[in-house]
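*Asks:* Have a look at the structure that comes next, please.
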Amino acid sequence: MENKVSRWCLISMASIPLVMTLGNSMLIPVLPIFEKKVGITSFQSSTIITSYSLAAILLIPIAGYLSDRFGRKIVILPSLILAFIGGIIAGFASWKIDDPFLWIIIGRIFQGVGAAGATPIILPLVGDLYKNNDEKTSSCLGIIETSNTFGKVLSPILGALFAAFLWFLPFFSISFFSLISIVLVFFFIKVPKDSEQNSKPLKQFIKKTKEILKKEGKWLYPVFLLGAYTMLILFAVLFFMSDILEKTHDIYGVKKGFVLAIPLFNLCVASFITGKKIKGDTATMKKVIVVGLITASFGVVFVGYASDNIALLLLVTSILGAAIGAMLPTLDAMITEGIEKEERGTITSFYSSSRFIGVAAGPPIMSLLMKEYLNVSYITGGVLGVILTLFVLKFIKP
């Protein structure tokens, strides 16, 4: 079946994480603008990111079950439509309502529900399309994760550019990008007939999931923790940088977007190269994760200390970005290739939920700690990374 996957099918799959990443990361550089325009605190502005992620966390496992039971595409399309509606709600409220904060959060929740049923389902879909070919699965997952990380590179630039025209334009742009993805998925993703899902009652599904977690939990739980850790560190650092670039370095607007894109570009390049190199080899995957974790653990410690020197800050965050970028496609491949097709959607959904936990927690934690406990928080992040490295060495066996 892998030979029949068209280039447009691959582009369509890659568009989903790209759109969903833009839907969240694009708002980070413009949060200070939202604070001024809407009259909200730094913590409240962080909830614009968190509300999206919390909705996704709660609903991703349900979406995974539904995709296993009824099919991937049947879940993905309505989810993209919800993301489209969420952007319209948040954008229209910002445009027309005097106190739009509540409606912005409602719109963001709609988008989070959409994200829950779109991005996580791509991982098992790739496994379905390239079944029994781990090398092509790894390569395709590398492209998918690169699309995700490329979205992170574009996000600060596009977010700042749109907000320079109208401060609420980023919300409407999310709907526009979602519409493009809807069209691509509808016309170009063709799920093979032998990949259609078997209907499984909920009780049987829960029982089977418990069995998998009991059998494979030793290596799955560390992978889930790694998903949460990488996104926690990444979004905490991005939130901090968005704030510090304005307050300490007087860098605003599109210029700030380009500066934020530098470490994210390194993340994107590392993700693409790693996806090409791992080729379904679990021993190589483990080495990549260990090296990436050690690098990230040491790198994150110095973010606060480097914050007064822009060149040093970009060097440290670029190294951190490359380390995280190398780990992401490796974790994707490990999850997708390590679980049988029938339960793949469910288990990858737990992994995706863990990543969204990190996304949700990063900005609000940083908003609360960066004034008084900045370096302590980053040192704690480094210590957590070292502990996770020990977990990986002990529990993930090639």
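The values are calculated or read from the model by the stated rules, or taken from the named source; none is laboratory data. Quick caveat, the model's predicted, so the values are computed rather than measured. Cβ sites come from the backbone with ideal geometry, for glycine too, and all protein chains shown count toward neighbours.
*Asks:* For the stretch 82-90, state whether one or more residues are out of contact with any helix residue (DSSP H, G or I) (no Cβ under 6 Å at 6 or more places or on another chain) and among the aliphatic types (A, V, I, L, M).
*Replies:* Checking the stretch 82-90: not a single residue is out of contact with any helix residue (DSSP H, G or I) (no Cβ under 6 Å at 6 or more places or on another chain) and among the aliphatic types (A, V, I, L, M).
*Asks:* A further question on this structure: Can you find a residue that is without any contact (Cβ under 8 Å) to a residue 24 or more places away in the chain, surrounded by fewer than 20 Cβ atoms within 10 Å (Cβ to Cβ) and in a helix (DSSP H, G or I) anywhere in the stretch 132-155?
*Replies:* No - not one qualifying residue is present in the stretch 132-155.
*Asks:* Of A283, A326, A333, A311, which residue is assigned to a helix (DSSP H, G or I) and touching a Gly at 6+ places or on another chain (Cβ under 6 Å)?
*Replies:* Details: A283 fails: touching a Gly at 6+ places or on another chain (Cβ under 6 Å); A333 fails: touching a Gly at 6+ places or on another chain (Cβ under 6 Å); A311 fails: touching a Gly at 6+ places or on another chain (Cβ under 6 Å).
Every option except A326 fails the conditions.
*Asks:* Out of L393, L388, L368, I need the residue that is assigned to a helix (DSSP H, G or I) and either under 19 Å from S242 (Cβ atoms) or in contact with a Gly (Cβ under 9 Å, 6 or more places away or on another chain) (or both). Which one?
*Replies:* When all the criteria are applied, what remains is L368.
*Asks:* Is it fair to say L58 is in contact with a helix residue (DSSP H, G or I) (Cβ under 7 Å, 6 or more places away or on another chain) and of a type in the set (A, V, I, L, M, F, W, C)?
*Replies:* Against the criterion (in contact with a helix residue (DSSP H, G or I) (Cβ under 7 Å, 6 or more places away or on another chain) and of a type in the set (A, V, I, L, M, F, W, C)), L58 does not qualify.
*Asks:* Moving on. Might you let me know whether the stretch 37-51 holds any residue that is in a helix (DSSP H, G or I), among the charged types (D, E, K, R) and without any contact (Cβ under 8 Å) to a residue 60 or more places away in the chain?
*Replies:* no
*Asks:* Only one of these is more than 15 Å from the chain's Cα centre (by Cα), modelled with pLDDT under 90, surrounded by fewer than 24 Cβ atoms within 10 Å (Cβ to Cβ) and not acidic (D, E): I347, I387, I365, I339. Name it.
*Replies:* The conditions single out I339.
*Asks:* While we're here: Could you please give the count of residues in the stretch 291-319 that are touching a residue at least 24 places away in the same chain (Cβ under 8 Å), crowded, with 21+ Cβ neighbours inside 10 Å and under 22 Å from the mean Cα position of the chain (by Cα)?
*Replies:* Within the stretch 291-319, residues that are touching a residue at least 24 places away in the same chain (Cβ under 8 Å), crowded, with 21+ Cβ neighbours inside 10 Å and under 22 Å from the mean Cα position of the chain (by Cα) number 8.
*Asks:* Can you list residue pairs whose Cβ atoms sit under 7 Å apart, with the first residue in the stretch 17-30 being outside any helix (DSSP H, G or I) and the second being at pLDDT below 90 and not small (G, A, S)? Count only pairs 6 or more apart in sequence or on different chains.
*Replies:* L27/I49
*Asks:* To continue, here is another question. For the subset of the stretch 236-279 comprising residues that are charged (D, E, K, R) and either within 30 Å of S138 (Cα to Cα) or in a loop (DSSP other than H, G, I, E, B) (or both), which member is modelled with the lowest pLDDT?
*Replies:* K279
*Asks:* While we're on this one: Just to be sure, is G275 crowded, with 24+ Cβ neighbours inside 10 Å, in contact with a Ser or Thr (Cβ under 9 Å, 6 or more places away or on another chain) and within 29 Å of E340 (Cα to Cα)?
*Replies:* So G275 passes the test.
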